[in-house]
1. Projected area of chain A, taken from the Cα convex hull and averaged over every viewing direction, in nm²?
2. Among B:41-48, B:1-8, B:230-237, A:178-185, how do they line up by average Cβ neighbours within 10 Å per residue, starting with the highest?
3. Can you tell me the 0 to 90 degree angle between the C-alpha axis of helix B:150-164 and the longest principal axis of chain B, rounded to 10?
4. Give the average, rounded to an integer, of partner chain Cβ atoms located within 10 angstrom of each Cβ in B:49-60.
5. For chain B, find the longest principal axis of its Cα atoms and tell me its angle to the long axis of helix B:244-253, 0 to 90°, nearest 10.
6. Measure out, as a whole number of angstrom, how far apart the alpha-carbon centroids of region A:312-385 and region B:102-154 sit.
7. Sequence-distant or interchain residues sharing an amide H contact under 5 Å with A:T220, placed H: which?
8. With the convex hull built on the Cα atoms of region B:95-161, state its orientation-averaged projected area in nm².
Amino acid sequence: MSTVLSPATGLSGIVDHGAASGSSGAPWVRSLRAAALDAHRELGVPTTRHEEWKYTPLRRLVERDWAAGEPGPAVFQRELPRYDEGSIRIVLVNGRFDRNLSETEARSPHWVARSLRDAVTEDDAVVREWLGQVGPKTTQAVGREITPDSHTFAELNTATFEDGLFLHITGDVAALIEIVHVATGDGQAFAPRVLVVAEEGARARIVETYVTDGEGATFTYPVTEVVVKEGANLEHVRVQDEGAEAFHIANWQTTQAAGSEYHSFNVCYGAGLARVDQGIWLDGQATVTRLDGVVCAGGDQHIDNHTRLDHAQPNSNSFEVYKQIVDDRATVVFNGKIFVHQDAQKTDAKQTNQALLLSPTATIDSKPQLEIFADDVKCTHGATVGQLEDLPLFYMRSRGVPKDQAEAVLVYAFAAEVLELITHVGLRQALERRLYEKLGVDLGA
Amino acid sequence: MLQIANLHAKVAEDEREILKGLTLSVKPGEVHAIMGPNGSGKSTLANVIAGRETYEVTDGAVTLDGEDLLEMEPDERAHKGVFLAFQYPVEIPGVSNTYFLRAALNARRKANGEDEMDALAFMKHIREKVKTLGLTDDMLSRSVNEGFSGGEKKRNEIFQMAVLEPRLCVLDETDSGLDIDALQTVAHGVNALRSPDRAFIVVTHYQRLLNFIVPDFVHVLMDGRLVKSGGKELALELEAKGYGWLEAEVGATA
């Protein structure tokens, strides 16, 4: 009994394209891509018999024949998101760095944003050091080995990405950095690739937003790698708001060094089928990590988030809160792994995931998974699934708030606990407005 | 203004009737006190008027200015001027008092064909009320009732009432759990709202509140019916004698 789909799937066009184009660049890139291609071929496309894909069937994805994505247009049918007029905005269209839409002239000496393709071609030393190297490593623990998870779509991205963004943050960047990923073109597959390296003591706020433009189904399989060096502080919001026909399977990896802070927010509103695998490797002492998520799924959406946090060093704190709203016939999956490695004494890890079911046909599959190999740690987790309570609803209605609005306000309040932690006001308000839109309520001015 | 005729009601998923033929008429400007022992149906009456769905009306009629109140959703009733001050005000984390009240006020204004109040005019409107009720501004930005003390919650109910300016105010055991100072503040707030075109139904177990909110009528609710009505002196009689003598009297005539 095989746990992978046969190689003759709808992804073979992309794989072949990757095999054909992976032969350029410096030797390290060629070998990185070749190894990734082999790994993807070996891993294949998982079925629901694979433990990590138990609740997320990919049949609908592989039924289609996907073509390797073409470069996108210069103009779009929709307005691209912008949260702050004063922000630094970088736009990637169909996975390619768009020089016309992006700000490339750094206003301060504290950051550089450039095409990843260029950076690879020029054999940038920082890119060479980190590309494909971020995330969990293998360690030894009492009687066993703790190994990183395998990610077949991340391997596919490494083997096939055309371009992407290299963002190098070397100091304190005051302006919000907005990275906008646009995907357009029916039947096309895109592999956006982002590498963010925040040097020692650097500080920035980043928001990555994934949208689609126009009609048609797209398949985006992005990889974002984030390096947070000693004492650096990054707030990183990821917003997935693609169209209802879109497929989105993402990999997001972070490595944190000693004394660093990383606040991550995974906001999932869009796509027909979406999966994010987020991994954070705590590779230094006294780090602080937030790993928060807001999911709002309706219609026939299927949204799956797998998070993995590896406490590999002592004295670090992590907090994870997921708020998930599930309506109509939608399905939401959450799997939250926390590994506390043998050396990671005095770890304090707290995980909470809550789901609000708004319809009898909505589904939530939730699985916290703590594996602890150190003995002096504090780890807690809690999972709840509930519905809107009658009493607050009646209370609001008895004051005159109409039912739909009262429901939306209560659902919003449920998610607000996480959204309120986003420090950029314009961004937070835009995400709140979008949530209300999704909930079908017009709040007026 | 409010006409209740032969009202029968029960908890939706329960067979047992709680209200068994209650009749009451309330005119504008009047203050009616409903007193009665625990379990007599006082809270049921208050909740049925406001439209709580956990109660089911099995017979009788409730009209407001001739319109069938029972046909209306809770929010429609509020738009017509009904307000229930809860016995146990509900905490709503993540929703600020100000936001909540503005949403409520504007929903009513919209339903009645009036313009919505903009943020500036609204803030001016509520700051006046804050002052008269001796509240603090920080209560406005806090989440609705979240972490409020018992007294703060009750004051917040009266504050909301003052902001929304309803025509029919139903106070469900607003005095429960209040010390004498808080009781006076709440009563002062209610008295400030008394006017010729606004009516009150004050549901209470004890006479104490009625020292401060002096009613025009006192009704005794027992076993789902109003068994005795009178003026404010009836409350004093109940305070002195308890409910026992009435039970005997009702039992004798039943």
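1. Working: hull surface 85.7 nm².
Its Cα hull, projected and averaged over all orientations, spans 21.4 nm².
2. Values: B:41-48: 23.4, B:1-8: 18.1, B:230-237: 15.4, A:178-185: 24.9.
The most tightly packed comes first, giving A:178-185, B:41-48, B:1-8, B:230-237.
3. It works out to around 70 degrees.
4. On the way: counts 1, 5, 3, 6, 4, 3, 0, 0, 0, 0, 0, 0.
Shielding by partners across B:49-60 averages 2.
5. Value to nearest ten degrees: 60.
6. 38 Å
7. Residues meeting the amide H criterion: A:F190, A:F247, A:H248, A:I249.
8. Details: hull surface 17.6 nm².
Average projection, Cα convex hull of region B:95-161: 4.4 nm².
Quick note: the coordinates plus some simple rules give every number you see, no bench work behind them. Keep in mind that what you see is a predicted model, and the values were worked out from it rather than measured. So basically every Cβ, Gly included, is an ideal-geometry build from the backbone, and we count neighbours across all protein chains shown.
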